[in-house]
Amino acid sequence: MNVMSHPVTAAILKDKGLDIVLADGQPHYFNYYWLRDNCPSSFDSATRERSFDIFHLEAAPRAVSAELAGDALEIAWQDEAHVTRFPLAWLEAHAGAAPRPDPSDLPRKAWYGDHYPDVPRFDHATLLGDAGLRAKWIEAMLVEGFTIVTGMPDSDEALTRTANLIGQVRPTFFGDYFDVRTHIAPTNTAYTSAALELHTDTPAEEHAPGVQFLHCRANTVQGGGSLYSDGVAVANDFRKRDPEGFRLLSEIAVPFYCEHDTYDMRSRQTVIELDKHGEVSGLTISQHMLDIIDLPQDLLDDYYPAFCRFGKMLQEEKYMMRFLMKAGECMVFDNHRIVHGRAAYSATSGERYLRGCYTDRAEMRSTYRALVSEGRFRA
Ligand SMILES: [Fe+2]
């Protein structure tokens, strides 16, 4: 082989793995267990799952030879009549111990109170028949966290069909769906006509649902304007304005609860949520479901003022997107990112009826990956 034109060299076998110089000219080490487990023959082409069971190997896998054969490395195994053939390009792609590239890992774009005219809108009927538009919709959800589906039929089924374009309807402890209208014996402030301060939903759940759908079926009351604001925009600004407050709110979990006759949900969450890159990915905030904070009282000397500074910032006009939801629209938003609330309304002035449900963020990302991966999805 001409080393100058092709720097890949035969592997050097070691005790627990092998060294090979790949196309980048650098030596790379691969562990034998990893190589044996990930042999291309380990995967079933129909299920795309690993069908090889490494637990059934009698002895630790060990190569007896590893030779270059064209653009592949062929490994023969000790104690096993099996040859593994790895394309070199595959080894190169996996040499860095880096996670698989994730098309759904998109940078978020913060938005502010003047955002309403620019909110991405998608027509319900068109979404149902157009996989490319569904990818654009979910992309907007991942990047901006708030979208409106328009042209919703006035039916329960329309909400289910819309949610199912992203994932399965994800029940919470109060059921698969919820109806927001004035109740005679309310168990929740949402079911009264009072103002509802900015919050994220079901913070008392260990894993609060990630995507919320609010289908506006009727809205003819006086008042009841909606408030939405981007928690990422506020928390990113808070990080700059008040780094110590940001640290407290992103590192220290506080208790949330939701309790009535037949349930007693409890969780601990940080008010500001960070993703694996350390970027703000969301909030958990709800004054009506914040439990009695059980932190040491001297820590509260710092925590409470920071919590209030952040809460006041959330209410700054700069962040507050105000509008009236119209019948036939479905608000779709990231429940961990977008805080929402409403102004008080007059319950006798007309009808106000919202029907809602949730799916999860992980399902949304899964659907997005499937939609944007070459050759994977059939519309
Ligand atoms: Fe809510």
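None of the figures in this text is laboratory data; all of them are computed from the coordinates on show. If you're wondering where the values come from, they're calculated on a predicted model, not measured in any experiment. Don't worry about glycine lacking a Cβ; one is built from the backbone with ideal geometry, like all the others, and counts go over all protein chains shown.
With charges only on Cβ, +1 for K and R and -1 for D and E, what is the dipole size of region 214-304 about its Cα centre, in debye, rounded to 20?
Values: 8 positive and 16 negative charges, 92 e Å.
With only Lys, Arg, Asp and Glu charged at Cβ, the dipole is about 440 debye.
The ranking of I285, I54, I148 from fewest to most other beta carbons within 10 Å of each one's beta carbon is I54, I148, I285. In the elastic network of the chain, a GNM with C-alpha springs shorter than 10 Å, the most mobile of M325, M141, M313 is M313.
For region 64-148, what relative contact order do you get, as a whole percent, if you take Cα pairs closer than 8 Å and at least 6 residues apart?
Working: 72 pairs, mean separation 17.0, N = 85.
Here the relative contact order equals 20 percent.
Computed about the Cα centre, the dipole magnitude for region 12-94 is approximately 80 debye when only Lys and Arg (+1) and Asp and Glu (-1) carry charge, each at its Cβ. Once you reduce region 60-110 and region 128-187 to the center of their Cα atoms, the two points are 41 Å from each other.
Restricting to lysines 8 or more places apart or on different chains, can you count the pairs in the chain with Cα atoms under 21 Å from each other? Intermediate results must be reported in sequence, preceding the final value.
On the way: K109/K136; K109/K240; K109/K276; K109/K318; K240/K276; K240/K312; K240/K318.
Step by step, the pairs that qualify in the chain add up to 7.
Hydrodynamic radius of the chain by the Kirkwood approach over all distinct alpha-carbon pairs: 24.2 Å. According to the Kirkwood relation over distinct C-alpha pairs, the hydrodynamic radius of region 58-129 is 17.8 Å.
Run lengths n ≥ 4 of DSSP H only: what is the helix-derived mean residue ellipticity at 222 nm for the chain, with -39500 (n - 2.57) per run over all residues, to the nearest 500? Value at 222 nm, helices only, nearest 500: -7000 deg cm²/dmol.
Taken over region 271-336, the convex hull of the Cα atoms encloses 138 Å³ per residue.
Working out 0.36 nm times the residue gap between V372 and K318, then minus their Cα-Cα distance, what length gain in nm do you get to one decimal? Don't jump to the answer; show the numbers that get you there.
Working: separation 54, 0.36 × 54 = 19.44 nm, distance 3.46 nm.
Gain in length upon complete extension: 16.0 nm.
Extending 7 Å from the Cα toward the beta-carbon at both A69 and D44 defines two label points whose distance is 2.6 nm.
For the residues H207, H199, what sequence is obtained by ranking on other C-beta atoms within 10 Å, fewest first?
Going from least to most buried by this count: H207, H199.
Inter-label distance, Y116 to A131: 3.7 nm, where each label sits 7 Å from its Cα along the C-beta direction. Straightening the chain between F52 and E206 buys 52.0 nm, computed as 0.36 nm per residue apart minus the Cα-Cα spacing.
Computed over every Cα-Cα pair of region 12-94 and binned at 5 Å starting from 0, the pair-distance distribution P(r) comes out as 3, 14, 26, 27, 17, 10, 3, 0 percent.
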